[in-house]
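The structure under discussion appears below in the form of structure tokens.
The values are calculated or read from the model by the stated rules, or taken from the named source; none is laboratory data. The structure displayed is predicted, hence computed values, not measured ones. For neighbour counting, all protein chains shown are included, and Cβ atoms are generated from backbone atoms with ideal geometry for every residue, glycine included. Side chains are part of the model used for accessible areas, which takes the heavy atoms of the whole protein and leaves out ligands, DNA and RNA. Shrake-Rupley method; radii C 1.70, N 1.55, O 1.52, S 1.80 Å.
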Amino acid sequence: MLSEKAITREFQWTQDIATARKISLTFALSIQNKNLMSTYKAKSLNESNELLKRLNHSGIACAIVSRLPKLLVDKILNDAGINSLIAGQVCAEDDFERDMQGFLKASLKIRRQPKKCVIFDSRPSGIIQAHEANFKAVALSGVYPLYELSMADLSVRTLNEMKVLNVKRLFSYEVSDKQPLLQTEVLKIRKNRPVIAIYKDVPENEE
């Protein structure tokens, strides 16, 4: 959600769009302040870095969906050392309210159909919305226990359990559109030839 919408809808500080934009701009400028930006320091997560590297090496494009401003997302990705591994970003400036909308925007940015994408999420709501938009979904436990994430196509405790092969297996059961259809055998029914009967009149015996 954009800052303007958050100000008018959620916080309800004002209903004037011009005032909301002014407040939003003031907030954005404060984020750009070097002293404030230095307080945002994202630590590198080895397991996520390794998975992203393996996916990129296999030619699988990756995108990130966040409700944070793009400026802050860029800093977090740079601090974590994974900025070069992300092919697309969906941030607050993209103006999405539901997670499903963010997922669809991400699929557009990496030019992939939803049915060919996998969403990684740790929330049941994210998994459900991924399925609503025809995405595959992998659940990462932690915030929620695994039994609350049972609707996912695959559930893992850590990203270390994920391999590129696991991702590809999510699509292994799907039948290729190019698979030839089974040919039905046409049985030829042979018509019987008509039977011609010749009857000869038998003369009656004379008394």
Listed pairs K75/K115; K136/K163; K70/K109; K53/K168; K70/K163 exceeding 21 Å between Cα atoms: K75/K115; K70/K163
Residues whose placed amide H lies under 5 Å from that of I110, excluding near-sequence neighbours: none
Once both label points are put 7 Å beyond Cα along the C-beta direction, the I128-K70 separation in nm becomes 3.2
What accessible area per residue comes out for the range 49-89, rounded to a whole number of Å², with a 1.4 Å probe? 49
Mind giving me the nanometre distance, one decimal, between the label points for Q12 and R54, set 7 Å out from Cα along Cα→Cβ? 4.9
Taking H placed 1.01 Å from N in the peptide plane, check which residues at least 5 places from A137 or on another chain put their amide H under 5 Å from its amide H. I119, D153, L154
At a 1.4 Å probe radius, carbon and sulfur cover how many percent of the accessible area of the range 134-174? 53
